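> Please find one structure pasted underneath; my questions will follow.
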Amino acid sequence: MPNIKSAIKRVELAKARALKNAAAKSTLRTTIRRFEESLSTDADTAKAALTTATRALDKASSKGLVHKKTAARKKSRLTKRLAKHFAQVG
C-alpha cells in the first residue's frame, strides 16, 4: 500500500474504475448473449436485439471500454450471424 496521499487516491480511483468497467463489460456481454438467444425467436425480435447490441457496442467503443475495431468486428459478426440464420430458416 502506498504511503503518499496522491498515490493512495490513485489506488482508490483505479479500484473504482475497475469495478465500473467490469460492470459495463458484463452488461455488454449480456446484451450480446440476449441477441444470440433471440435468434431462436422470430426475425423482428432478433433484429431489435441486434439493434440494441450494436448500440451497446458503439457506446462501449466511444467510452473506451472496447477498441473501435473490436466493436466493428463484433457488430459485423453479429449482423452476418443474423443474416445467415434467417437465410437458412426462411
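> Kindly indicate the residue of region 16-35 that is touching a residue at least 12 places away in the same chain (Cβ under 8 Å) and surrounded by fewer than 15 Cβ atoms within 10 Å (Cβ to Cβ) and also farthest from LYS75 (Cα to Cα) among those meeting that condition.
If we filter region 16-35 for residues that are touching a residue at least 12 places away in the same chain (Cβ under 8 Å), which is where we start, we get 21, 24-25, 27-28, 31-32, 34-35.
Narrowing the set further to residues that are surrounded by fewer than 15 Cβ atoms within 10 Å (Cβ to Cβ) leaves 21, 25, 27, 34.
Numbers: ASN21: 20, LYS25: 15, THR27: 16, ARG34: 14 Å.
Ranking the candidates gives ASN21 first.
> Out of (1) at pLDDT 95 or above; (2) in a helix (DSSP H, G or I), the odd one out for LEU65 is which?
The number of the failed condition is (2).
> A further question follows. Return the total of residues in region 37-62 being in a helix (DSSP H, G or I), within 17 Å of GLN88 (Cα to Cα) and in contact (Cβ under 8 Å) with a residue 24 or more places away in the chain.
3
> Does region 47-63 contain at least one residue that is under 30 Å from ALA87 (Cβ atoms), exposed (fewer than 13 other Cβ atoms within 10 Å of the Cβ) and either in contact with a strand residue (DSSP E or B) (Cβ under 8 Å, 6 or more places away or on another chain) or of a type in the set (Ser, Thr, Tyr) (or both)?
yes
> Go through region 73-90 and give me each residue that's among the small types (Gly, Ala, Ser) and assigned to a helix (DSSP H, G or I).
As a first pass, look at region 73-90 and keep what is among the small types (Gly, Ala, Ser): 76, 83, 87, 90.
Hits for region 73-90 are SER76, ALA83, ALA87.
> Going by the structure shown, is THR70 in a helix (DSSP H, G or I), among the hydroxyl-bearing types (Ser, Thr, Tyr) and either surrounded by 14 or more Cβ atoms within 10 Å (Cβ to Cβ) or in contact with a Ser or Thr (Cβ under 8 Å, 6 or more places away or on another chain) (or both)?
yes
The values are calculated or read from the model by the stated rules, or taken from the named source; none is laboratory data. Quantities reported herein were computed from a predicted structural model and do not represent experimental measurements. Virtual Cβ from ideal backbone geometry, glycine too; neighbours counted across all protein chains shown.
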